[in-house]
Structures are given as C-alpha cells and as structure tokens.
Amino acid sequence: MTYLLALDQGTTSSRAIVFDTDGAQVAVAQREFQQHYPQPGWVEHDANEIWATQRDVAIEALAKAGLKAADIAALGIVNQRETLVVWDRATGEPVCRAIVWQDRRTAAMCRQLKDAEPIFRTKTGLLLDPYFTGTKLAWLLDNEPGLRARAEAGELAAGTIDSWLVYKLTNGKQHVTDASNASRTLLLNLQTCEWDNELLDILRVPAALLPAVVDSSGVCGEVSGVDELNGIAIAGLAGDQQSALFGQACFGKGDAKNTYGTGSFLLVNTGTEVAASHQKLLSTVGWRIGGVTEYALEGSVFVTGAAVQWLRDGLGIIKQSADVEALANQVPDTGDVYLVPAFAGLGAPHWDPDARGTIVGMTRGTTAAHIARATLEGIALQSVELAEAMRADTGLAIDELRVDGGAASNDTLMQMQADLLQAKVIRPKVTETTALGAAYLAGLAVGVWPDRPTLAKQWAVDREFEPQISADEAAAKRARWGEAVERAKGWAADD
C-alpha cells in the first residue's frame, strides 16, 4: 500500500494526516500553538513554534500509522494564507514574529495607497486590504530597524507559511512558494504568474526577498535534517481554500465549494482564464499544474462558525457549538429575526470594515431558539450573497455546491443553505478536504494517481440537500436579509 502525508498548517493548530491511495484517513496528529496579540488589531505567531509543531505532528502521525519515511510516496503542504514570515538566510532564524492574515496594522497604509488600488486590482485580482501579505511586508521593512538594508543586501528571505515550512523541511535548501499562495500577496501578476516589478516598486519590496514561484503539484525538494522524515519528496503546495477546492474534485469550470469554518470561503473554478469581478470578489490562482494555471473566484465571509461560538461563549445559550442545531430546531422559523454576524466588519461582497454585528426584528416573544435559528440562517445567507455575486460575475449557474468544514455536519444549516441558495448542496463522505487536496496534489506529482479523472472517481457523497422552499420564499428571505445588512453597515465609522 502507498501512503501520502499531508501537513495542514492552520491559524490555530498544526495537523498532519496520513492518507492511503483511496483518499481514506489512516492517522492524524494535531497540536495547537500560541496566538499573540501585542496591540489591538495585531495578530502574530511564533514561526519557530509553527515549524516545531508541524514537524512534531508529522512524526507523530507516521508513528500512529506504523509507517516510516520510506512508506510515504510524497508529502503535500496546505497552509493558512497571507501570513508573513521573514527570516535570516544565513541562520534560518525568523527576524521577528510572523504577521498573521487577521492582522490589521496596515489599514492606514492601505488607505494611503487607495489611488493605486486599480493597478493592484487589475494585476492581482485582489483589493487593497490589510488581509493580504504585501502591505505586511512593506510595513515590516519600514518599521523594524535595519530590516530594509538587510533585505536589499540579500541577507533576508520572506514568504508565506508554505515557503517557511519548505525552507525548514529542506534544511534551508529551497526557498519557494506555489502559485496559489503567491496570488494572495498583492505582488503576483495573475496573468504571468510572476512577481510584478511595478507592484514591488509601489510597496518598496526588494525582489531579492521573494521565493521562486513553483507549480502547486510538482516535486520542489525533499526532506533533510529531520531523521524520521528524511527523503520524503515535497510534491504538493497550496493555500488552504484552493486546496479544499482541489480536494472536493472541483476540477471543471463552474464547480464550486464552500468551506464553513471560523469564517466561510466560497470558491468557484473559472478555468484557465482570469475572471475579473465586478462584485468585489477576489480573482485568485486555483492551482498551477504542469505550468498551466487555473483560476478561481473567491468570496470570503469573516464570521460564520465564530457566530456560533459567540452564542456559546458570549451569550451562554448553548454549552457546546453542536448544541446550536437542536436549539434552532425548537422553533419552525426565526420569527422575522435576522442576525448579521458582522463582528469583524463585512467581507465580500460588501467589504465594510465599519459594519458591526446586528440583530433586528426582535419582539417580546423572541427566544434563544429564534436567535440560534437566525444565526444559522445568517451563515447561509452570507454564502448566498457570495454565490449570487459569482453568478453575476461569471454567468455560471452554480446549481450545485459542495460543502466541507466543521459546520457542514449541521444538517439544519445545510438544508437552509439549499433552500436559500435554491441549489443542491452536497456533503462528501470525506470532509477533510483541505488536507486531502494537498495529498492529491502531491500524489499526482509522483504518479500515485495518473490524472484528475481518477481522483474525481474517489469523491463520494455522504448526503445531498435539495431545496424544500419555493424560489419566491427564498427571494423574500434574501430581500429581508439585505435590509438587515444595511442596518449593520457603517456602525463603527468615525470622523
């Protein structure tokens, strides 16, 4: 039997999963690591802790599976996107903590650069927002004493988490990133899949800092310096949402998936052409294989699963997140209550950082069950907004949505999603699609699977949800939701 190892480096934990050639999970290991909040709006990670936890869970997962490095055909890396690491090329040590994708310290810089946003939008498919890596790197060079001079002298290396892990796994031999991660930096030209000199000049980022851009599926090095892993080929790299799209076998133009986690991320495959968005969605690289780049449109919702955590931790109306389904099912509807979970502003398609969480429509008869149900509907309705924006941008029907992530196990939420989207929602048997995508990319590169049609045959359905309400009823709910969203917008704006 042949096995693949997926390293799943997330925002709060590092995981490793061993898969067999049927795509079945053989063993898993996971460790959380510390979050650092040095100032309001700042979020940092210790890059050495990320490396140590990811290395250790890889070793642990192999041990749990009773396997050795020689049993692993290849490993793939999937990672939290946009997070920045800068390190010393000579020592391999980070020069400071990693700046996490959630970090907002560059908000003022983004406002100052607004006149250049059309250039960034055209070339990168992204908006100017602190979310992305480029302004984090520019900020670091301007604010950490001595870094700019060292960067210009070629003494430093920078990259997203995939770059950092490959560098450490190869004992400093490889400084690379894949096209999907590179497309999240504000520095990559989507059309050429190369670093763009004009964008580098605007942000004053020396090209010498940056990694080589490689295929998402392809051998880019092998592990050395970690006894239990030495010799394993590193053959798959992808950002987490693109990896989930691949793991869901969304290989055809128009195929779409939605991942329900802390936030939600809906991606649709747009084929080999960049689909420009007029709805404030993001154009991004899906993956690059054999030198051929395929693209996706992405919509990001900042708070979905986190809203359920708020019901648990903030309101105390449920004891654990899974309890939300039973509570929501105590009532047949929300009683015209709408909850807009804009706790961190609104993402796509609104991009309103000043929006705030809002509950509208409450009466004296409103209960905890109504609020719980409105929370689930709010999660589904935010995804409907993304899907409608994608339909408008692409002309694609999106009549089928593949789902994954923790909340995809909530049958009530999935039924709401089908109802409000007026489309079939399909939950696969394997919901670890983010890690599975990395394993698939690695396995393709070394011939474990011959092609994508073979992988598509492995994708299997757990349950399908069909709409159970009329299109008119769904449209009325969406219109009412739009009114609630308007009440949430701009709340935190100051002079």
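Each value in this text was obtained by applying a stated rule to the coordinates, not by laboratory testing. The model shown is predicted, which means the values in this text are computed figures rather than measured ones. With ideal geometry, Cβ positions are generated from the backbone for all residues, glycine too; neighbour counts draw on all protein chains shown.
What's the angle, to the nearest 10 degrees (0 to 90), between helix 433-445's Cα axis and the longest principal axis of the chain?
40 degrees
Charges at C-beta only: +1 for Lys and Arg, -1 for Asp and Glu. How large is the resulting dipole of the chain about its Cα centre, in Debye rounded to 20?
200 debye
Which percent, nearest 5, of DSSP beta bridges in the chain are antiparallel?
70 percent
Write out the trypsin sites (Lys or Arg not before Pro) in the range 1-97 meeting two conditions: DSSP loop, and at most 14 other Cβ atoms within 10 Å of their Cβ.
Those satisfying the criteria are LYS68.
Using 1/(1 + (r/R0)^6) with R0 = 35 angstrom and r between the beta carbons of ASP451 and HIS278, what's the FRET efficiency to the nearest 0.05?
Taking R0 as 35 Å, the efficiency between ASP451 and HIS278 is 0.50.
Trypsin sites (Lys or Arg not before Pro), restricted to the range 125-176: which are DSSP loop and have at most 13 other Cβ atoms within 10 Å?
LYS173
Give me HIS175, HIS45, HIS278 ranked fewest to most by other Cβ atoms within 10 Å of their Cβ, as a rough exposure proxy.
HIS278, HIS175, HIS45
For HIS36, which sequence-distant residues (separation of 5 or more, or a different chain) have an amide H within less than 5 Å of its own amide H, given hydrogens modelled in the peptide plane?
GLU44
Excluding residues on the same chain fewer than 8 positions from LYS457, give the lysines whose Cα lies under 23 Å from its Cα.
The reachable lysines, counting only those whose Cα sits under 23 Å from LYS457, are LYS253, LYS257, LYS424, LYS429.
Exposure proxy check: MET414, MET109 ranked by fewest other beta carbons within 10 Å?
MET109, MET414
How far is the Cα center of the range 1-17 from the Cα center of the range 401-419, in Å?
Using only Cα atoms, the two centres lie 24 Å from each other.
Can you tell me the dipole magnitude for the range 3-231 around its Cα centre, using point charges on the Cβ only (Lys, Arg +1; Asp, Glu -1), in Debye to the nearest 20?
440 debye
Considering amide H positions built from the backbone, and no H for Pro or chain starts, which residues 5 or more places from ARG463, or on another chain, come under 5 Å of its amide H?
ARG427
For the range 102-111, take each phi angle, set θ = phi - 60°, evaluate the Karplus expression 6.51 cos²θ - 1.76 cosθ + 1.60, and give the result in whole Hz per residue in order, putting x for glycine and proline.
Calculated HN-Hα couplings, in order: 6, 5, 10, 5, 9, 4, 5, 4, 4, 5 Hz.
With the Cα gyration tensor of the range 143-220 giving a ≥ b ≥ c as the square roots of its eigenvalues, does the rule (a/c under 1.5 for rounded; else a/b larger than b/c for prolate; else oblate) give rounded, prolate or oblate?
Oblate, since a/c reaches 1.5 and b/c is not below a/b.
Within the range 351-458, list the trypsin sites (Lys or Arg not before Pro) lying in a DSSP loop whose Cβ has at most 13 other Cβ atoms in a 10 Å radius.
Taking the range 351-458 and a limit of 13 other Cβ atoms within 10 Å, the loop trypsin sites (Lys or Arg not before Pro) found are ARG364, LYS429.
Tell me which residues come under 5 Å, amide H to amide H, from LEU401 once H is placed; ignore anything under 5 positions away on its chain.
Excluding prolines and chain starts, which carry no amide H, the hits are LYS424, VAL425, ILE426.
Could you give the nm distance between label points at GLU228 and CYS96, where each point is 7 Å from its Cα heading toward the beta carbon?
Taking the two extended label points, one gets 3.4 nm.
Please list 3J(HN,Hα) in residue order for the range 239-252, calculated via the Karplus relation 6.51 cos²θ - 1.76 cosθ + 1.60 where θ = phi - 60°; whole Hz, with x for glycine and proline.
With coefficients 6.51, -1.76 and 1.60, one gets x, 4, 6, 5, 5, 5, 4, 5, x, 7, 6, 8, 8, x Hz.
Could you run the Karplus curve 6.51 cos²θ - 1.76 cosθ + 1.60 with θ = phi - 60° over the range 455-471 and give me ³J(HN,Hα) per residue in whole Hz, x for Gly and Pro?
Residue by residue, the range 455-471 yields 5, 4, 5, 7, 5, 10, 8, 8, 7, 10, 10, 9, x, 10, 10, 6, 4 Hz.
On full extension of the chain, what length is gained from ARG204 through GLN112, given 0.36 nm per residue of separation minus the C-alpha to C-alpha distance?
31.7 nm
Fully extended, how many nm does the chain gain between ALA476 and ASP313 (0.36 nm per residue separation, minus their Cα-Cα distance)?
Answer, rounded to one decimal: 55.5 nm.
Give the distance, in whole Å, between the Cα centre of the range 230-266 and the Cα centre of the range 128-160.
Between the Cα centres of the range 230-266 and the range 128-160 lies a distance of 28 Å.
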